[in-house]
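Report on one structure; see the data block that follows.
All of the numbers you see were taken from the coordinates with simple rules; none came from a lab. If you're wondering where the values come from, they're calculated on a predicted model, not measured in any experiment. When we count neighbours, we look across all protein chains shown, and the Cβ atoms used for this are built from the backbone with ideal geometry, even at glycine.
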Amino acid sequence: MRGAGLLLAVLLALQPAAGFADRLKDLATVAGVRSNPLVGYGIVVGLSGTGDGNSQLTQQSMQSLISRLGLSVETGDLKAKNAAAVMVTADLPPFLKTGQRLDVTASTVGQAKSLKGGTLLMTPLLGADGEVYAIAQGNLIVGGLGVEGQDGSSLTVNIPTVGRVPGGANVEKMVDTPFLESDHLILNLNRGDFSTAAAVAEGVNRTFGPDVAVALDGTSIRVRAPADPAQRVSFMSLLENIEVDPAPPVARVVVNSRTGTVVIGGTVKVTPAAVTHGSLTVRVTEDQRVTQGATVVAGNGGTVVAPGEPVVTQDSGIAVQEDPAKAFVFDPGVSLSSLVDAINAVGASPSDLVAILEALREAGALRAELVVI
């Protein structure tokens, strides 16, 4: 058994290393196959005194809702202490059919402090075209907690003014997609690149035959789809699992000015350059020296020294300290690892690193795009 295990280990070691190919489904999306945002305005009832109170918006909404149920009531007779006006949002996934359900999220728009324990009443959800695509209703799940004391003190955990209703909406209308209608499928790369687009077209043609895919530009690839709609799902299943070697990304250095985070791409290189890094520290201190004043009075009997007003004199000090400058030289075509090792060797802080990179760019030695976010 031990010999068999050793043989297995040797065979595994002799296997070729896995490449860096990505599946096409991770690199691109199909044009027209996307989710659609939905939004609606609704009322949450059943709150435990954490509603909008005397908000006119909520009172008018409740009056309108009650009147549609055949009852007549005045706005002044309604109290919104246990109700809240909310905006309801959802994403309608592609190919979702009428009668299927989707999750919805309700967020307060008034003065409500918490939606915990509330029930969302029937709310139409509209698309960008103003049509109703789903109807939402159900009990809210709230992950937050809010507590307020009589003295004005309060404690809030997470966000109690936002709730979620899993499966709380029924789809009432489908969204048409060109997936079954068009003669071609358009693949849009998540990150546009001419080399990657050409590689995708080549990989598709290598799998399905020549002239099946054509790269239209640096982002889109047109793929000829089967004429029979029943074959398109199987075709897409094979298409999205094709492995493609994406092109190396553009050389880029990204600096987050708020957090000091610096990300250097693996393709960043520099031309021959010398960098000197040092720091000059100037300290100025201010102090006061107090001495006791004296009054000297001379008379026939002798000299008398009487205490006087204290005398205050300013004592300023200036100290200059300059750390020894540290220099390092970049050879032609220095890679990422060498660049980082050289900068870390001089003990540069994130702000120093940004200054060095900016200086290298201004000198024309940094072969990368410097992006500050």
Quick one: which residues, 5+ away or cross-chain, put their amide H under 5 Å from the amide H of residue 370? H built at 1.01 Å from N. 253
Assign unit charges at the C-beta atoms only (+1 for Lys and Arg, -1 for Asp and Glu), then state the dipole size of region 184-244 relative to its Cα centre in Debye, rounded to the nearest 20. 100
So, over other residues within a Cβ distance under 13 Å of residue 44, counting Lys, Arg +1 and Asp, Glu -1, the net charge is +3
Amide hydrogen neighbours beyond the local backbone of residue 118, cut-off 5 Å, H modeled: 140
In terms of modelled amide H atoms, which long-range or inter-chain residues lie less than 5 Å from the amide H of residue 273? 330
Counting only other residues whose beta carbon sits under 10 Å from that of residue 160, what net charge do I get with K and R as +1, D and E as -1? +2
Region 68-144: radius of gyration and largest Cα-Cα distance (Dmax), Å: 14.8, 46
With r as the distance between the Cβ atoms of residue 72 and residue 119 and R0 = 22 Å, compute the FRET efficiency 1/(1 + (r/R0)^6) and round to 0.05. 0.40
Do any trypsin sites (Lys or Arg not before Pro) in region 38-89 lie in a DSSP loop with no more than 11 other beta carbon atoms within 10 Å, and if so, which? 68
